[in-house]
Amino acid sequence: EAEGLAGAAKRGGKRKDERESEMQIKRQVLENQNWVTGGEERPTTYITVDESSEQYFDYLQYIGLAAQDGFVNEVEMLMQEMEAAGLPAGPRTYHGLVFSHLEAGDISGGLEVFR
């Protein structure tokens with residue numbers, strides 16, 4: 001095994017089985033991404049909403065509580081209230097929405113958020 005480790009160190013520190021395992025994980029991630037996007041290539045978009053302001057605090061607290069209990073409708077209602085108040089949803093808000101779907105046992109609904 002010492003020779004195997006020495007050889008692995010020369011090839012970047014990873015043995016063949018470790019590299020194959022990493023490749024398998026990467027393939028699964030890509031397959032999941034294709035499932036989410038329907039195989040379409042989409043440009044990466046970044047949400048540039050600053051949810052750290054005080055205006056978001058109460059909404060995010062309530063979204064977090066509703067999400068923990070899997071209350072998807074409650075999270076969606078809070079998101080609509082935020083929009084009406086001029087507070088666009090950002091990463092934390094969408095995290096709460098996805099998490100609420102997962103807590104409700106609705107994995108496909110959580111993935112649908114990204115479509």
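The values are calculated or read from the model by the stated rules, or taken from the named source; none is laboratory data. What you see is a predicted model; the values in this text were computed from it and never measured. Glycine also receives a Cβ, built like all others from the backbone with ideal geometry; neighbour counts cover every protein chain displayed.
Quick look at the numbers
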read-out	value
Near pairs, Cβ below 7 angstrom, 6+ apart or cross-chain, from region 36-59 (more than 15 Å from residue 94 (Cβ to Cβ) and surrounded by 10 or more Cβ atoms within 10 Å (Cβ to Cβ)) to any residue that is modelled with pLDDT of 55 or more and not basic (Lys, Arg)	55/87
Residue in region 94-101 that is small (Gly, Ala, Ser) and free of Cβ contacts under 8 Å to residues at least 12 places away in the same chain present	no
Conditions (1) in contact with a helix residue (DSSP H, G or I) (Cβ under 8 Å, 6 or more places away or on another chain); (2) touching a residue at least 24 places away in the same chain (Cβ under 8 Å); (3) assigned to a helix (DSSP H, G or I): number failed by residue 62	(2)
Scan of region 60-87 for residues that are over 20 Å from residue 111 (Cα atoms) and surrounded by 15 or more Cβ atoms within 10 Å (Cβ to Cβ), ordered by number	60, 62, 82, 87
